[in-house]
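Worksheet: the structure to be examined is printed underneath.
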Amino acid sequence: LNLSNLKIKDPYAGSNKVLWIRYARAGDGQRFNAQYHVSEKGSFPNHELPLDMDADTSTGKIQMTLTKEEFVSCVLSSPVLSEALRKSTTFECDSREPFAERPLQLEVAIADPMQEDADDDFLDSMSVQQSVCFEIYDMDRGSLSDFLGECYLPPFSEMSETPKAFVLELRGPTEWSRSDSAHKDPNKNYSGCLFVEASWKFPAEPVRDIEHEEATTLEQRAELEEKMHTGKLRVKILKAEGMRNADAEAPKTVSNRLSRITSGIMGSSREDNNDSAVWVYTRNETYHETAELPPGIGKGGWRVNVAGKHEPLHKTKVIKDAFMPEWNEEFEVILQTGAYEKRTNQRRHFDISRKAAQKHRNEALLATMGNTNDLFMHFLDPNHVDTSRSGTSSKQTGTPKDKTATRLSRTDGALEDVDNSAGHGVTVLLGDSIFEFKSKMRKACLIEARNEEADLLRLPESSHDAILSRKRKAAFEAVARNLSEQFVVMVFVPSVELRDLQRAHRTHSTDYKDLYAVEYGDPSSWQPLDPCRTFGHYTALYGFGKTQDMMSIRLVVGSEDYMAKNNRYRHFVAEQKFWRQRIEQVNTGSHCFGYAKYVHRGDGCSEEWRPVIAERCLGDEVGRSKATGVQQSSAGSQKFQVTYIHAPMGVRSAGLDDASKVVVDESSLLLAPLQPEILASANLEHHEFLEQARQLEEDGLDEADIVRVLNERLLAKSQRRREAEAREGRQPTRPPSPISLRDVQHALRSAHR
């Protein structure tokens, strides 16, 4: 060979030289270099240079060949390539009756089509939708108490678990004030301020993830839902300043003079002052003027007692004859969010049987889960005449279902469905994917909205049918506008008990109807469907295409709140997250994605940053670094055990037990996440004290002082434990390792995030 054959210009013509070739071997990415002695004329010997791994060896065969599983996984990860493979393996290959083109009979319930529940949940999480009103009165004996002004606690979003001081300006009655014409005179001048401290803890009791897993029944999930919407308000009423003097303004009537005599203040040389007291009321902001009021709620959302009178949340003591009264009274109250309280506050029932009591109990539980109006649509087989227009498949209940039982999830009938099964003319096929089904849903909703608009032209504008038609039109348009990937398509999955009642031909019994109503309204009775799959994928599981009965489908907006209500959806999301998770996103307390420095011995000890999964180094495994060319750990620095994602073959040939894992120093490792969880302290005893780091920082301490204070508290606790063990005659435990500056810095970054 000659340099001219390689199109390399000879830089040293007429003299001997060396040609260096540096390359990365295909298969394992190992770097090597080779040298060729070149003559004066530019020629060099023709020696073979292996750029690929030897596929005949066991290690080379692993790195240089593609397995069937790897090929299928790569194909399925591409939507374009996987569609052809999916269709060829999903359906029956029968040319006489194409399986994928069979029409389906579907009854589709669209939950919360106007997104009213979603808006209420958002407002609940932001402002709680509850108001706390402070009313101050001059408590005159023998006459009507004088109203000195009112003020409201700021929104709950401005409060936290740490008490915060507020100065609230007193004002006169407004249109939102509690109605009390006998006391409140809007024509008087109101002035002054009320000083209070308040804190808000929401939720009042933290809900752990394990509680969601353990909540399998409707009652247990309803209890969790109540905990998630319940907070604890703590208020301390301090003092008031600058209020008007109602006693000085009072006319000198006989009744007032008698009142002064009774109070023992006649003949006083100084001007009379107020006998002040604060009454605290709460108002649910979700109740409007036209809303139907449940027991315990009065006009405007104010709380009332059994007699219908406003019920104060708290009354302070009366401070006699004080221009600037000081109460310093503290009280605590448990409050539910406004929207949750509204939907769970049911009317009282007088039940004469256990079944009636259980039925009302089930309705209350379903209300807790947030079931409201549903918008119903039907997709029919044009070749099948449906006489009942309702029913479920043999995989669900097997017989036509009772129409009233199906509609128990709705409250006011505002979206009462009409015969729209033939109005839109859209057909859903067994071969349609769930994603394609949502596209057909959007098309059908637009057609139904136009049909409702046409019906409005022939209906009297103020008639009941016209009002319902306008609501349905708005609902169809809202669904067509908002239908996106956030909507989850679900199929109704009945329980074994409901199936047994169906097999016993008791579908018209009260037991069947009541149980069906509960399960139909229970979110956990609905199984999410994978949007990448077709209805044909679920034929064996749920009976799509095997019967002409109506299948129940539900569209719900998938959210964090809905995961707490539907165990099936929570497991579905976890499964989808597992399969979609990329290795670059690994960031847990035990494993973290990053890049570790690797030294190529065959390339002059050149360095390369290779992707790894880092773990905590719990043992002394520094010796492995010698076999892999990784730099030795420096004294006192943190060490990590890393797994090379693309394991070098040189490591495998070293004969180690776990050759892909090596120990590296922190200087030879770059952790990819901005806040690596693996850097948190591994000592569980430290966590209790590291949670106090944020508060110490707010108190003005720097990081070094925080480390000192936390270690003092840690050692004090350890000393108390050792003293207790000594008194009991037990072997004293070893003192814990001290909290490091690194632990505090990580805790502060986590708290700021």
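Couple of notes before you dig in:
- Selection status of I739, of a type in the set (A, V, I, L, M, F, W, C), touching a Leu at 6+ places or on another chain (Cβ under 8 Å) and in a helix (DSSP H, G or I): no
- When segment 16-72 is filtered for residues that are within 24 Å of L6 (Cα to Cα), under 51 Å from the mean Cα position of the chain (by Cα) and exposed (fewer than 12 other Cβ atoms within 10 Å of the Cβ), only D52 remains.
Here is a yes/no grid of residues against (1) part of a loop (DSSP other than H, G, I, E, B); (2) basic (K, R); (3) modelled with pLDDT of 70 or more:
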residue	(1), (2), (3)
R343	no, yes, yes
L365	no, no, yes
F376	no, no, yes
D381	yes, no, yes
H384	yes, no, no
S388	yes, no, no
S394	yes, no, no
G398	yes, no, no
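- Of all residues in segment 92-117 being more than 28 Å from V556 (Cβ to Cβ) and surrounded by 10 or more Cβ atoms within 10 Å (Cβ to Cβ), the one that is modelled with the lowest pLDDT: E92
- Subset of segment 482-502 (residues that are within 17 Å of V556 (Cβ to Cβ) and in a helix (DSSP H, G or I)): N482
- When restricted to residues that are among the polar types (S, T, N, Q) and in a loop (DSSP other than H, G, I, E, B), segment 297-341 contains 3.
- R734, sole failed condition from (1) closer than 26 Å to R616 by Cβ; (2) at pLDDT below 85; (3) surrounded by 12 or more Cβ atoms within 10 Å (Cβ to Cβ): (3)
- Pairs meeting the criteria (first residue in segment 501-513 and more than 16 Å from S353 (Cβ to Cβ), second residue modelled with pLDDT under 85 and of a type in the set (G, A, S), beta carbons under 7 Å, at least 6 apart or on different chains) are Q502/G398.
- Helices (runs of 4 or more DSSP H) fully within segment 538-606 that include at least 1 residues being modelled with pLDDT under 85 and buried (at least 18 other Cβ atoms within 10 Å of the Cβ): 560-565.
- Filter pass, S125 being of a type in the set (S, T, Y) and over 23 Å from H310 (Cβ atoms): yes
- Residues that are out of contact with any strand residue (DSSP E or B) (no Cβ under 9 Å at 6 or more places or on another chain) and aliphatic (A, V, I, L, M) within segment 187-237 comprise V207, I210, A215, L218, A222, L224, M228, listed in sequence order.
- When the test is whether a residue is among the polar types (S, T, N, Q), closer than 21 Å to L429 by Cα and open to solvent by less than 50 Å² (accessible area, probe 1.4 Å), S484 passes it.
- Taken over segment 105-124, the criterion of being in contact with a Phe, Trp or Tyr (Cβ under 9 Å, 6 or more places away or on another chain) and assigned to a helix (DSSP H, G or I) is satisfied by D120, D121, D124.
- Residue in segment 478-522 that is nearest to Q115 (Cα to Cα), counting only those that are under 32 Å from the mean Cα position of the chain (by Cα) and among the polar types (S, T, N, Q): N482
- Being over 25 Å from P528 (Cα atoms), at pLDDT below 90 and of a type outside the set (S, T, Y) holds for only one residue in R450, R503, and it is R503.
- Hey, R303 surrounded by 12 or more Cβ atoms within 10 Å (Cβ to Cβ), at pLDDT 85 or above and touching a helix residue (DSSP H, G or I) at 6+ places or on another chain (Cβ under 8 Å) or not: no
- Complete set of residues in segment 646-672 that are open to solvent by less than 30 Å² (accessible area, probe 1.4 Å) and at pLDDT 85 or above: V662, V663, V664, D665, S668, L669
The values are calculated or read from the model by the stated rules, or taken from the named source; none is laboratory data. From a predicted model like this one, the values you see are computed outputs, not experimental measurements. Quick reminder, even Gly has a Cβ in these numbers, built from the backbone with ideal geometry, and neighbours come from all protein chains shown. Ligands, DNA and RNA are excluded from the accessible area calculation, which covers all protein heavy atoms including side chains. Shrake-Rupley method; radii C 1.70, N 1.55, O 1.52, S 1.80 Å.
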